[in-house]
1. Jot down the radius of gyration and Dmax of the range 1-108, Cα atoms only, both in angstrom.
2. Using a Förster distance of 30 Å, how high is the FRET efficiency between Thr60 and Val127, based on the Cβ-Cβ distance and rounded to 0.05?
3. On a 0 to 90° scale, report how tilted helix 69-80 is relative to the longest principal axis of the chain, with both axes built from alpha carbons and the result rounded to the nearest 10.
4. How high is the relative contact order of the chain? Use alpha-carbon pairs under 8 Å, at least six apart in sequence, and give a whole percent.
5. For the range 185-202, what does the Karplus curve 6.51 cos²θ - 1.76 cosθ + 1.60, with θ = phi - 60°, yield as ³J(HN,Hα) per residue in whole Hz, taken in order and with x for Gly and Pro?
6. Within a Cβ distance under 12 Å of Gly18, other residues only, what is the Lys/Arg minus Asp/Glu net charge?
7. State, to one decimal in nm, how far the label point of Arg159 lies from the label point of Arg30, with both points 7 Å from Cα in the Cβ direction.
8. Let me test this: with uniform point scatterers at the alpha carbons of the chain, what is the Debye-based log₁₀ I(q)/I(0) at q = 0.08, 0.13, 0.14 1/Å?
Amino acid sequence: MRKRAGVALNVVMLGPPGAGKGTQAERFARTHGLPKISTGDILREAIHADTPLGRSAKTTIYSGALVGDDVMIGIVGERLSRPDTRPGFVLDGFPRTVAQAEALDRLMAGRDPLIIVEIVVPEAELVRRLGTRMICEHCGANAPIGDGATGVCARCGGRLVQRADDNQAVVIERLKVYHQQSEPLVEYFKVRPTFRSIDGAQPPDRVAADLAAAIEAAGNGALRQGVRG
Ligand code: AMP
């Protein structure tokens with residue numbers, strides 16, 4: 001995709017756990033030289049480093065519940081104030097509640113509009129994926145589905161393990177929390193000309209191509225309508 005001079009690609013990825021948001025966000029961000037901001041990664045890093053944030057968020061995350069809105073809004077507000085986000089960013093895992101979405105809209109005042117892409121995947125496929133997903137114990141990278149069998153991270157050689165919140169009971173809780181607290185975000189955003197849905201049940205390369213096309217189309221729609229976030 002060609003980057004239009006002066007227009008930032010401010011992308012938000014929506015979708016349930018296991019939809020492939022993280023993998024696709026990482027890929028799109030890398031290809032376009034944009035920072036990927038994953039609130040789940042920020043929290044897992046904080047737990048790993050045993051910071052005060054990590055210590056207070058740990059029990060919540062491992063139970064499948066959501067960390068408080070104020071904490072999350074503070075983290076993302078600080079991150080979006082950094083200059084590397086000026087050309088755009090890819091948000092993965094935020095917002096997750098309507099209160100977070102409203103706060104994000106306030107943070108975007110005076111910046112280019114948000115481009116919102118929802119990744120849709122049937123529930124049975126989500127449960128299957130989450131049950132087999134592996135991440136690197138060392139660098140936190142998601143192993144592509146199927147690579148878990150090697151037991152070794154392709155990026156850094158670290159050991160692949162199951163995420164602590166991917167065990168069956170917690171997966172069921174996380175999907176419930178998604179339907180109750182995060183699905184309303186689709187209603188919140190879908191009236192905008194910069195909202196798109198894509199089919200996340202396809203092979204990863206197809207999803208990546210659809211994502212890039214959806215972002216391009218949504219970005220053009222925003223420009224035509226002169227919408228500003
Ligand atoms: P993720 O890696 O995006 O699936 O996030 C893992 C866990 O981190 C979630 O189940 C929540 O407990 C917590 N978390 C991540 N992002 C948020 C957010 N925006 N609001 C609240 N909790 C979050």
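1. My reading of the Cα-based Rg and Dmax gives 14.2, 44 Å.
2. Numbers: r = 22 Å, r/R0 = 0.72.
With R0 = 30 Å, the Cβ-Cβ based efficiency is 0.85.
3. 60
4. Dividing the mean separation by the residue count of the chain yields 29 percent.
5. Here the 3J(HN,Hα) series is 5, 5, 4, 4, 9, 6, 6, 7, x, 9, 9, 9, 10, 10, 8, x, 8, 7 Hz.
6. Working: positive: Lys21, Arg128, Arg129, Arg133, Arg163, Arg174; negative: Glu123, Glu125, Asp165, Asp166.
Spelling it out: positives minus negatives among the neighbours equals +2.
7. Simple spin-label model gives 2.5 nm for this pair.
8. Debye intensities relative to I(0), on a log10 scale: -0.28, -0.76, -0.90.
Here, each number is a calculation from the coordinates, and none is a lab measurement. Since we're looking at a predicted model, the values are computed, not measured. Don't worry about glycine lacking a Cβ; one is built from the backbone with ideal geometry, like all the others, and counts go over all protein chains shown.
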